[in-house]
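Contents: one structure, followed by commentary.
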Amino acid sequence: MVISDYNKGYVTQEKLFELVDWFDGPVFVDSKKTNLPDKCYIKVNDLEYDKLETKNENVIITRGAKGTEYQGKLYPAEKVNVFDVVGAGDTFLAALTYGYLKYGRMEEAIPFANKAAAIAVSHTGTYVLTEEDINEILH
């Protein structure tokens, strides 16, 4: 399950915890909330990480051009010309989820997601990856 919550009031704190507890499978949360469940993968950026009240071993920190940090390891970002970062986090989250479901390991899912985000930011405007983009990442 993927929960993308920009803390606009649609998903309450109570409902977020309830959904994570209820679902029997991997849960990926991208939220602006600062108190998040432990039983899920939490995707945040640098600024969001600094504000987190709950920091567990499943926090995935996107650090822009530096890459992504997970469990103390930095997974380097792809070097690309950046034209627009709009949607990069959403692309990363979608690719991370796909990669995790495909490979079963976060250590393989993160590089996949980094590559997907690199493709997205190398285009102007909100870019939706194509089937060709995905095939390029997979090979």
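Structure notes:
- Some residue of region 92-106 being outside the structural domain of ASP5 (by TED's automatic domain parsing) and not in a helix (DSSP H, G or I): yes
- Taken over region 68-86, the residue count meeting the criterion of being closer than 20 Å to LEU47 by Cβ, of a type outside the set (Val, Ile, Thr), in a loop (DSSP other than H, G, I, E, B) and in contact with a helix residue (DSSP H, G or I) (Cβ under 6 Å, 6 or more places away or on another chain) is 1.
- Considering residues of region 99-139 that are among the small types (Gly, Ala, Ser) and surrounded by 12 or more Cβ atoms within 10 Å (Cβ to Cβ) only, the residue farthest from the chain's Cα centre (by Cα): SER122
- Filter result for GLY104 (closer than 30 Å to ASP24 by Cβ and without any contact (Cβ under 8 Å) to a residue 12 or more places away in the chain): yes
- Single unsatisfied condition, LEU19 versus (1) over 12 Å from the mean Cα position of the chain (by Cα); (2) closer than 18 Å to ALA94 by Cα; (3) at pLDDT 95 or above: (2)
- For TYR41, the test of being hydroxyl-bearing (Ser, Thr, Tyr) and in contact with a Pro (Cβ under 9 Å, 6 or more places away or on another chain) is passed.
- Tallying residues that are crowded, with 16+ Cβ neighbours inside 10 Å and either in the same structural domain as PHE92 (by TED's automatic domain parsing) or farther than 23 Å from PRO76 by Cβ (or both) within region 27-51 yields 7.
- Test: residue in region 62-81 that is without any contact (Cβ under 8 Å) to a residue 24 or more places away in the chain and of a type in the set (Val, Ile, Thr): no
- Residue within region 76-91 that is within 19 Å of ASN58 (Cα to Cα), modelled with pLDDT under 95 and surrounded by fewer than 19 Cβ atoms within 10 Å (Cβ to Cβ) present: yes
The values are calculated or read from the model by the stated rules, or taken from the named source; none is laboratory data. Small disclaimer: the values here were computed from a predicted structure and weren't measured. Virtual Cβ from ideal backbone geometry, glycine too; neighbours counted across all protein chains shown.
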